[in-house]
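Following: one structure in C-alpha cells, then a few remarks.
The values are calculated or read from the model by the stated rules, or taken from the named source; none is laboratory data. All values reported here derive from a predicted model rather than from experimental measurement. Please note: Cβ atoms are built from the backbone with ideal geometry, for glycine as well, and neighbour counts cover all protein chains shown.
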Amino acid sequence: MIPGPGLTMDRLRRLAALAMACLTSAALAQPAPRPAEERLRIVGGLAGINQYTKHEEPFWTRQLPQLTGGRATAEIVPFDRAGLSGEELLSVVKMGAVPFATVLLSRSAVVEPELAGIDLAGLNPDIEAVKRTVAAYRPRLAELLRQRFGIELLAVYAYPAQVIFCARPMSSLADLKGRRVRVSSPSQADFISALGAEPVQTAFSQVVPSLRSGSVECAITGTMSGNTIGLHEVTTYIHPMAVSWGLAAFVANGASWAALSEPLRQTLSLELPKLEQRIWADSERETIEGLACNTGAPACRTGTKGHMKPVARTETDERRRVEILQSSVLPAWMRRCGEACAVTWRQTVGRAAALDLH
C-alpha cells in the first residue's frame, strides 16, 4: 500500500522523525532508567483520555518493567502530541519508523477503507453489538494488516460510545437536518449526510473551539471523552445512541515484533489481551458514566457534572439508524472498499449482526 493523497514518503519520514523526537524528549524528561535488555518505543492513543492516562501509559512505563523484572522498558507518547495524524500513523508503522502504535481504525480507513468495516456508523448501537462485531471481524482484521502492511495486530481497544452532543434543542435524530455536525470518519459523515445535516471533519482537539465559534452546532464524540474536554459547558442536549465506538488497533511493525526476544513476545502476548479487557471494561463503564456526568445524574463519580438534557431514545430513531446503515452507510463504504471486501464483510460482520443485506 502506497501512502495516500498528501502522504509523500518525504513527509512520512519527517513525521516519523518528529514522533521519535517527541518520544526522546519524553524520555529525557524522566529520571535515567536502569539498564535494560530491551527498550520499546510506543505511540499511544489520544492524550488526556482515560484509555491513555489510566491504561496505556501506566502499562508501558510501570507495569512492563515489573512484569519483566526490568529486562524491558518502554517510552510512550500520545499520537496527537507526536506530530502525527490518525491518517498517517499506519503508514509510519509500516515503514518501521514507529515500531508500536495505537491506530484509530476510522482514521486509518482513509488509507485502507476495509479497516472501517468493524466500526461503521450505525452498526453497533450498544456494547454487546460492538463486541460481536469485533469477534466476527478480528481474524480478517489481523490478516489484512499482516498481508497489506506487514503489521501484527496485538490488541483491539474501544473508546466509550460516540454519541451526539448539540448546542440547540434536539428531540430526535430528525432535528439534525440542516445543522453542521462534527464527525471524525467517512462513515460518520455518511450517517450525518443521510439525516440531511452537514458533516464537518474536525480533529478531537478542535471540537470545543469549533462549537464555541459556531463553525459546528453539534458534535459526535465519546460520552466521557466529551465530558473530559468540557462539551457539557458548550452544548445543551445529548443523544445517547451510539453512532460508533472509535475502535483502535494496537499494532507492531512486523520486523520490530520479530526482533523482540522470545520471552518478551510471550509476555506481551499474555499481558496485552488483559490490557485490552481492562480498556473494554472501562469503555463500557465510561459510556454509562459519561452520560450520567454530562446530565448531572447521581451516578457520576469520576467526571464533571453538567446540566445537559438527555434526548429520549425512541423506536423511531432506532428504525432510522438501521435504515441509514443499510441504505446509505453500507453502500457508500462498500463502494470505497470494493466488492471483494464487501463479500468478506457480509460473511462475517453482516452475519453476526443478523442484517438483512441484499
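Among residues that are closer than 14 Å to residue 163 by Cβ and either touching a Gly at 6+ places or on another chain (Cβ under 6 Å) or surrounded by 20 or more Cβ atoms within 10 Å (Cβ to Cβ) (or both), residue 275 is not included.
When 132, 107, 148, 140 are checked against the criterion of being among the basic types (Lys, Arg) and touching a Leu at 6+ places or on another chain (Cβ under 9 Å), 107 stands alone in meeting it. Scanning segment 196-213 for residues that are of a type outside the set (Val, Ile, Thr) and at pLDDT below 95, we see that the one that is farthest from residue 81 (Cα to Cα) is 201.
Can you find, within segment 292-322, the residue that is surrounded by the fewest Cβ atoms within 10 Å (Cβ to Cβ) among those that are in a helix (DSSP H, G or I) and in contact with a Cys (Cβ under 7 Å, 6 or more places away or on another chain)? Break it down into steps so the answer makes sense when it comes.
At the first step, the residues of segment 292-322 found to be in a helix (DSSP H, G or I) are 292-295, 315-322.
Imposing the further condition that a residue be in contact with a Cys (Cβ under 7 Å, 6 or more places away or on another chain) reduces the set to 292-293.
Numbers: 292: 20, 293: 25.
The qualifying residue surrounded by the fewest Cβ atoms within 10 Å (Cβ to Cβ) is 292.
When residues in segment 286-332 are screened for being among the charged types (D, E, K, R) and closer than 14 Å to residue 226 by Cβ, 3 of them pass. Taking every residue in segment 81-98 that is at pLDDT below 90 and pairing it with any residue that is β-branched (Val, Ile, Thr) and assigned to a helix (DSSP H, G or I), at least 6 positions away or on another chain, the pairs with Cβ-Cβ distances below 8 Å are 84/92.
In this structure, is residue 312 farther than 30 Å from residue 76 by Cα, not assigned by TED's automatic domain parsing to the domain that holds residue 176 and not β-branched (Val, Ile, Thr)?
Numbers: farther than 30 Å from residue 76 by Cα: yes; not assigned by TED's automatic domain parsing to the domain that holds residue 176: no; not β-branched (Val, Ile, Thr): yes.
Against the criterion (farther than 30 Å from residue 76 by Cα, not assigned by TED's automatic domain parsing to the domain that holds residue 176 and not β-branched (Val, Ile, Thr)), residue 312 does not qualify.
Do we find that residue 276 is in contact (Cβ under 8 Å) with a residue 40 or more places away in the chain, assigned by TED's automatic domain parsing to the domain that holds residue 130 and touching a strand residue (DSSP E or B) at 6+ places or on another chain (Cβ under 7 Å) in this structure? Considered against the rule, which asks whether it is in contact (Cβ under 8 Å) with a residue 40 or more places away in the chain, assigned by TED's automatic domain parsing to the domain that holds residue 130 and touching a strand residue (DSSP E or B) at 6+ places or on another chain (Cβ under 7 Å), residue 276 comes out as yes. In a helix (DSSP H, G or I), acidic (Asp, Glu) and in contact (Cβ under 8 Å) with a residue 40 or more places away in the chain - does that describe any residue in segment 173-190? So far as segment 173-190 goes, yes, one or more of its residues are in a helix (DSSP H, G or I), acidic (Asp, Glu) and in contact (Cβ under 8 Å) with a residue 40 or more places away in the chain.
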